[in-house]
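Heads up: the structure comes next, in structure tokens.
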Amino acid sequence: MRAFAELLDRLSLTASRNAKLTLVRDYLRATPDPDRGWALAALTGELTFDAAKPAFIRKAVEARMDGQLFAWSYDYVGDLAETVSLVWPARPGANREPALNEVIEALRTASRAEVQRLIEGWLDALPTPRERWALLKLMTGALRVGMTARLAKRAAAEMGGVEAAEVEELWHALHPPYEDLFAWLEGRSERPSADNPARFRPVMLAQALDEAVDFARLDPSDYTAEWKWDGIRVQLAHEGGQRRLYTRTGDDISRAFPDVLEALADEGVVDGELLVVRDGALAPFADLQQRLNRKTVDAKMLETFPAAIRAYDLLHEGDEDLRPLPFAERRRRLEAFLARQPGARLDISPLQPFGTWAELAALRADPPEGDARLAEGVMLKRRDSPYEAGRPKGPWFKWKRDPFTVDAVLMYAQRGHGKRSSFYSDYTFGVWTRDDAGQRALTPVGKAYFGFTDEELKGIDKFVRDNTVERFGPVRSVRAEPHRGLVFEVAFEGLQRSARHKSGVAMRFPRISRIRWDKPPGEADDLEALERLLAQIERR
Amino acid sequence: MIRPQDLLCPRPEGLYCPPGDFYVDPARPVDRAVVTHGHSDHARAGHGAVLATPETLDIMAERYGQGFAAQVQAAPYGEPAERDGVEVTLVPAGHVLGSAQAVVRWKGLTIVVSGDYKRRRDPTCPPFEPVPCDVFISEATFGLPVFRHPDDREEIARLLRSVAQFPERSHIVGAYALGKAQRIIRLLREAGWDRTIHIHGALERLNALYERRGVDLGPLAPATTAKKADFAGAVVIAPPSALQDRWSRRFPDPVGAFASGWMQIRARARQRGVELPLVISDHADWDELTATVDEIRPGELWITHGREEALARWAQLHGITARALALVGYDDEGED
Ligand SMILES: [Zn+2]
Ligand SMILES: [Zn+2]
């Protein structure tokens, strides 16, 4: 456990990609089977344990120490797993430290009641906070150490001196703790076989477009454009008589979507977007959510939320691998291939012709009537790009629709957690409306705690302290009058009606996009502006 | 019946002893001061008279120049001095070279002002000595149960493993100039690192002072002379502020390490951009604070600075009367 804990600890604080590769590669070299395989599974997100829930850890620690001291500790640190790993009041008499392998085997097989007892015992036996932290991270399944699955696989490839793509290609034929993979990487055996039919192929992803930089250096004639549909990215495979539907991370969701599984008559592998399409028209993401929440599906669901795939790309046709071909060529093959598939559950994502970046910008800003109004933005793909696993720099870009913005007034500020515990960093903001007496008054419309720099945070914190009207525990209300107060430009991704909010509206992903020190609160937006926006969104 | 507050009481200048007419570690210039140790929030220049250990007087002279006080009196560990009928004895606090607790006795009453202290072994100074007392005055810099400092040898071993793992990079260890820097160097030597250690200029004078006082630091060199590539695989010690400074750009792809008790909290390390936090502190952690109070079992516990509320609560839960003095002027986060 010590080596694994040290690895997680270093990864979580290391920014450089090369240094991360070195850390993981050296760990895999120095650690024996099966521990290193389990570690690799943890880093690639392949491990989840149902039996262990963080809430019980909190109970366990509160049963052992004063609640007030724990509360102060948690408030100071701001992260439950980290707090528990630090304060854990170990009972003496624990025998030896558990090995990583032992912990994982037990977590995979034990019942919930057993797991709780085991974890308490392990926490007692692990000698340092670092190791207890690693155990809790592992148990709750969220390592969050700034390591992508792709990078972890690359480190394994480096360890054996093979190409990262080779490991990627094999990956879905492998199972933790990957003894066959390491045997191959260390030259002790043949390459494991990846030839199982209808297997998952690693997905190609797009970079976010930086308007300020990219347009100046990209030639529009090198690129095609299409809508970025608001569903989930999937891969539909039909090979050797097998049919499979995968998410972009390779999770097999075939059982939940029997309706689209049958869409491919011919054998091949299609990359596309999973959507709900009713009477030929695209339904909002919330409808798809209804289907995604279930592992299996009944006839009623199939009828009410009919799923479909809008195809982007063709990776295989029959047993021919098309991925090395240029996108333009694959696209021609896709069009011909789809023309031969019957049924309404599979269609093609149409290309959007454009001449200049300005023309494309106009299209994106004002999509035509119909499905396009629900798109998240546009995708740009280089005509000559082969299909490469991962997120290569340059060939594909996503250019999301601009967020909505509104000017709102800061009303309440609350103390943050962790490194922000000494600052007022969580903000409730409002817009103007008329109160019962017909007076202009502010009504809260949302909360945000990010979108500003540390420097800006200090400035807002000072404003809060200097303009406090009232204090309620960790919350302060601040001056918010037409000529005195602070205006935020708030950006958000969507808006919906909400009975829980007094204002009647709720924002999706609100964040502070600008601090308007210059703007008098009296000139901030009215609730009416939000209501107009809501009507506009609902009409889409 | 004399009350403890007749012997020592908080004033804006610091902790004051009315019968002896002196302050302990005053934050402002006063006529007569007892100084527990050389850190700048405890030892200030400009007092009329200063009583301190010979080592601390040496450190103050090095930092502020010979005329830092009008009059000085050296009190070696364990040798009582007298101030208008009040007896003051300095005993080791285990914090840094020369650091002391001030044991103040008067008419049968004993108060221990512990200054800053720790209970672990430190190769650069003698260990803390517990003294039975009526009132024990403690700091609480790390007075929360989240602060559990690990074994310093294991932290140094992690540093050396990283040096071996990244031979093309240099490792810069941020360490406070008084105490921490010299302790890190000694721990490196004990771990078998006998190569030259490169030193930021701001540490040179105190390093020399430690060596004069018998702490052998081994081969040191200024971190200025060599070419960039010569620092590959090197260990460099610098004040913490230098880690993010342009000064650090002279080293090849440096790994920023910071030796401090604050490094126990991951968000703190992340906030400072520290890649290799070394949890090494010259202050008592939570376990040391509570074990010390438990061992001494004073009639009352007074707490000077840090996380007073948590330590006070712990004491109350364990049947010890505790009180926060709310003294100003001590740096919670300063020269740990
Ligand atoms: Zn100190
Ligand atoms: Zn101090």
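The values are calculated or read from the model by the stated rules, or taken from the named source; none is laboratory data. Computed from a predicted structure; not experimentally measured. Glycine gets a Cβ as well: all are built from the backbone with ideal geometry, and neighbour counts include every protein chain shown. Accessible surface areas use protein heavy atoms only, side chains included; no ligands, DNA or RNA. Shrake-Rupley method; radii C 1.70, N 1.55, O 1.52, S 1.80 Å.
Here are some notes:
- Residue under evaluation A:V115, criteria (1) modelled with pLDDT of 90 or more; (2) in contact with a Leu (Cβ under 7 Å, 6 or more places away or on another chain); (3) more than 29 Å from A:K419 (Cβ to Cβ), criterion not met: (1)
- Close contacts from the stretch B:23-47, counting a first residue that is of a type in the set (F, W, Y) and a second that is away from ligand 1 (no atom under 14 Å from the Cβ) and in a loop (DSSP other than H, G, I, E, B), with Cβ to Cβ under 7 Å and a gap of 6+ residues or different chains, come to B:Y23/B:E13; B:Y23/B:V30.
- Here A:E105 does not fit the description of being within 14 Å of another protein chain (Cβ to nearest Cβ) and of a type outside the set (K, R).
- Only listed residue being aromatic (F, W, Y) and in contact with a Pro (Cβ under 8 Å, 6 or more places away or on another chain), chosen from A:W88, A:W133: A:W88
- Only one of the numbered conditions (1) loosely packed, with under 13 Cβ neighbours inside 10 Å; (2) outside any loop (DSSP other than H, G, I, E, B) is violated by A:Q235, and that is (1).
- Leading residue by the ranking (farthest from A:E62 (Cα to Cα)) among those in the stretch A:108-127 that are buried (at least 21 other Cβ atoms within 10 Å of the Cβ) and within 14 Å of chain B (Cβ to nearest Cβ): A:L126
- Filtered residue count, the stretch A:335-347, keeping only those that are modelled with pLDDT of 95 or more and farther than 13 Å from A:L236 by Cβ: 2
- Qualifying residue in the stretch B:93-103 (condition: away from ligand 1 (no atom under 16 Å from the Cβ) and more than 14 Å from chain A (Cβ to nearest Cβ)): yes
- In the stretch B:240-268, the residues that are in contact with a Phe, Trp or Tyr (Cβ under 7 Å, 6 or more places away or on another chain) and of a type outside the set (D, E, K, R): B:P240, B:L243, B:F251, B:P252, B:V255, B:G261, B:Q264
- Index of the failed condition, B:L187 passing every other in (1) open to solvent by 10 Å² or more (accessible area, probe 1.4 Å); (2) under 30 Å from A:V84 (Cβ atoms): (1)
- Out of A:E179, A:E158, A:E190, sole residue that is open to solvent by 10 Å² or more (accessible area, probe 1.4 Å), touching a residue at least 60 places away in the same chain (Cβ under 8 Å) and more than 30 Å from A:S254 (Cα to Cα): A:E158
- Answer from B:P132, B:P126, B:P145 - the residue that is over 30 Å from A:T22 (Cβ atoms), assigned to a loop (DSSP other than H, G, I, E, B) and within 14 Å of chain A (Cβ to nearest Cβ): B:P145
- Residue in the stretch A:41-55 that is more than 25 Å from A:S111 (Cα to Cα), in contact with a Lys or Arg (Cβ under 7 Å, 6 or more places away or on another chain) and either free of Cβ contacts under 8 Å to residues at least 60 places away in the same chain or more than 10 Å from chain B (Cβ to nearest Cβ) (or both) present: no
- Residues located in the stretch A:1-40, provided they are among the polar types (S, T, N, Q) and either open to solvent by less than 30 Å² (accessible area, probe 1.4 Å) or more than 11 Å from every other protein chain (Cβ to nearest Cβ) (or both): A:S12, A:T14, A:T22, A:T31
- Here B:L217 fits the description: part of a loop (DSSP other than H, G, I, E, B) and hydrophobic (A, V, I, L, M, F, W, C).
- Flag for A:D214 being at pLDDT 90 or above and either outside the structural domain of A:R29 (by TED's automatic domain parsing) or surrounded by fewer than 16 Cβ atoms within 10 Å (Cβ to Cβ) (or both): no
- Per-region count, the stretch A:67-93, residues open to solvent by 40 Å² or more (accessible area, probe 1.4 Å) and in a loop (DSSP other than H, G, I, E, B): 5
- Test: A:G390 is more than 18 Å from A:D219 (Cα to Cα) and either open to solvent by less than 40 Å² (accessible area, probe 1.4 Å) or not aliphatic (A, V, I, L, M) (or both): yes
- Of all residues in the stretch B:194-216, those that are crowded, with 17+ Cβ neighbours inside 10 Å and closer than 21 Å to B:L243 by Cβ total 7.
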